[in-house]
1. Of everything in segment 76-125, what is among the hydrophobic types (A, V, I, L, M, F, W, C), part of a helix (DSSP H, G or I) and within 16 Å of the ligand (Cβ to nearest atom)? Give them in sequence order.
2. Name the residue, out of S178, S144, that is over 25 Å from G81 (Cα atoms) and polar (S, T, N, Q).
3. What are the residues in segment 24-49 that are part of a loop (DSSP other than H, G, I, E, B), surrounded by 10 or more Cβ atoms within 10 Å (Cβ to Cβ) and on the phi < 0 side of the Ramachandran plot, if any?
4. Could you list all residues from segment 61-75 that are within 14 Å of the ligand (Cβ to nearest atom) and over 19 Å from E138 (Cβ atoms)?
5. If I filter segment 126-138 for residues that are assigned to a helix (DSSP H, G or I) and within 16 Å of the ligand (Cβ to nearest atom), do I get at least one hit?
6. If I ask for residues that are basic (K, R) and either in contact with a strand residue (DSSP E or B) (Cβ under 6 Å, 6 or more places away or on another chain) or surrounded by 13 or more Cβ atoms within 10 Å (Cβ to Cβ) (or both), which ones from segment 156-213 would you list?
Amino acid sequence: MATKADKRSASYSQIESGTERARPILHQNAREIQPYGKIAKLPIALDEKLCAASAENLNQVLADTMTLRDLYKKHHWQVAGHTFYQLHLLFDKHHEEQDELVDMIAERIQVLGAISLAMAADIAETTIIPRPPRGREEVPVQLSRLLEAHEMILKEARTMAGRAAEAGDDGTNDLLVSNVIRSNELQVWFLAEHLVDVPVVHADSAKAAALGR
Ligand SMILES: [Fe+2]
């Protein structure tokens, strides 16, 4: 009777000798090569503890940026009203810009020798941005929700950028300042101007009269 080892060597020789070599080897499994939270140090002249601290901070910004990115797509699809077209396009533009930030942040975490968060369930557990309802919301509510999320990210990114600069992690500081903070501030401006209550066609003559003009 063929032993398990015989079976293994028989299948190996089949693979080596014929068309079996072209067959994909499916359903493979093994232990992960690096557990989450551990550093696989790269030669980037940064202390391992500093890499771990920066990566932990960046994973928080990553989770919040992924959530904001997805909030933009939700609003891109669900926006309603007379500003539908411009907001539909603006929300998608910001979504794309946030998606670029997601990649930059995740890859910085990998450069630090750490592991970036990736999957939706892990993001949902980590983000500090409140979960929106599944249903549609009015434009002012959508805009308020986005502005609040931007401000949360800006607040944490500023604190973390300061810490990275003090500790000597210039790469992380630069990413947070030049990319995360600058992009989020600009997007806040574009959104916030939609919430200024100015007349669309007629100047507000009643208000001007009350002010004695
Ligand atoms: Fe679309």
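1. The answer is W77, F84, L87, L89, L90, F91.
2. S178
3. Q34, Y36, K38, I39, A40, K41, L42, I44, L46, D47
4. Once the filter is applied, which keeps residues that are within 14 Å of the ligand (Cβ to nearest atom) and over 19 Å from E138 (Cβ atoms), segment 61-75 yields R69, D70.
5. Checked against the condition, which is being assigned to a helix (DSSP H, G or I) and within 16 Å of the ligand (Cβ to nearest atom), segment 126-138 yields no hits at all.
6. R158, R163
Yes or no, residue by residue, for (1) closer than 29 Å to R163 by Cα; (2) touching a residue at least 60 places away in the same chain (Cβ under 8 Å); (3) surrounded by fewer than 16 Cβ atoms within 10 Å (Cβ to Cβ); (4) not hydroxyl-bearing (S, T, Y):
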position	(1), (2), (3), (4)
E56	yes, no, yes, yes
R69	yes, no, no, yes
H75	no, yes, no, yes
D92	no, no, yes, yes
A106	yes, no, no, yes
Q110	yes, no, yes, yes
E148	yes, no, yes, yes
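Since every read-out is calculated from the coordinates, none of them should be taken as a lab result. The shown structure was predicted, so the numbers you read here are calculated from the model rather than taken from an experiment. For neighbour counting, all protein chains shown are included, and Cβ atoms are generated from backbone atoms with ideal geometry for every residue, glycine included.
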